[in-house]
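Asker: To start, I am sharing the structure in question, which I have written as structure tokens.
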Amino acid sequence: QVQFVESGGGSVQPGGSLKLSCTASFNMFTIHLMGWYRQAPGSQRELVASISRGSLPNYQDDVKGRFIITRDNTNNLVYLRMNNLKPEDTAVYYCNEDPPRDDSWGQGTQVTVSS
């Protein structure tokens, strides 16, 4: 079974930064588009950013200019660098294909932004 594993979350103050990492139990180079998603309490899971196999990124408007998605195909990793974090960025963050595979969601990593 395909499984993604996320790490790097934590608690930061507004304006802080975090870098999330994603890996998988298989070679992610086979996936054209990889995405980072988030789900805040009481909300649906949403796509935050995605990146192609060739490292072409795409961002949700709310995170443009603050988040940076990168991909290391050699080491089977996808990263999400989050800068200038805001309280509304608080959520559980997941990685998955774009569009996502329903049977591949990992546990996610919690990001909490609070003063």
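The values are calculated or read from the model by the stated rules, or taken from the named source; none is laboratory data. All of these numbers come straight from a predicted model, not from anything done at the bench. We place every Cβ from the backbone using ideal geometry, glycine too, and count neighbours over all the protein chains shown. Areas reflect the complete protein model, heavy atoms only, side chains present, ligands, DNA and RNA absent. Shrake-Rupley method; radii C 1.70, N 1.55, O 1.52, S 1.80 Å.
Asker: So which strands (runs of 3 or more DSSP E) are wholly in the stretch 19-82 and hold at least 2 residues that are at pLDDT 95 or above and over 21 Å from Ser104 (Cα atoms)? Even if it seems obvious, please write down each step before you answer.
Answerer: Numbers: elements: 33-39, 46-52, 57-59, 67-72, 77-82.
The strands (runs of 3 or more DSSP E) meeting that bar are 57-59, 67-72, 77-82.
Asker: Looking only at residues in the stretch 72-115 that are among the hydroxyl-bearing types (Ser, Thr, Tyr) and loosely packed, with under 13 Cβ neighbours inside 10 Å, which one is farthest from Ser55 (Cα to Cα)?
Answerer: Ser115
Asker: Here's a follow-up. If you scan the stretch 95-115, which residues turn out to be more than 18 Å from Arg66 (Cα to Cα) and touching a Ser or Thr at 6+ places or on another chain (Cβ under 8 Å)?
Answerer: Those that are more than 18 Å from Arg66 (Cα to Cα) and touching a Ser or Thr at 6+ places or on another chain (Cβ under 8 Å): Asn96, Glu97, Asp98, Thr109.
Asker: Need the failing condition index for Tyr93 against (1) more than 14 Å from Cys22 (Cα to Cα); (2) in a strand (DSSP E or B), just the number.
Answerer: For Tyr93, the exception is condition (1).
Asker: Looking only at residues that are open to solvent by less than 60 Å² (accessible area, probe 1.4 Å), without any contact (Cβ under 8 Å) to a residue 60 or more places away in the chain and of a type in the set (Ser, Thr, Tyr) in the stretch 1-30, which one is nearest to Ala91 (Cα to Cα)?
Answerer: If we take residues in the stretch 1-30 being open to solvent by less than 60 Å² (accessible area, probe 1.4 Å), without any contact (Cβ under 8 Å) to a residue 60 or more places away in the chain and of a type in the set (Ser, Thr, Tyr), then Ser21 is nearest to Ala91 (Cα to Cα).
Asker: Is it fair to say Pro41 is open to solvent by 70 Å² or more (accessible area, probe 1.4 Å) and out of contact with any helix residue (DSSP H, G or I) (no Cβ under 6 Å at 6 or more places or on another chain)?
Answerer: Yes, satisfied.
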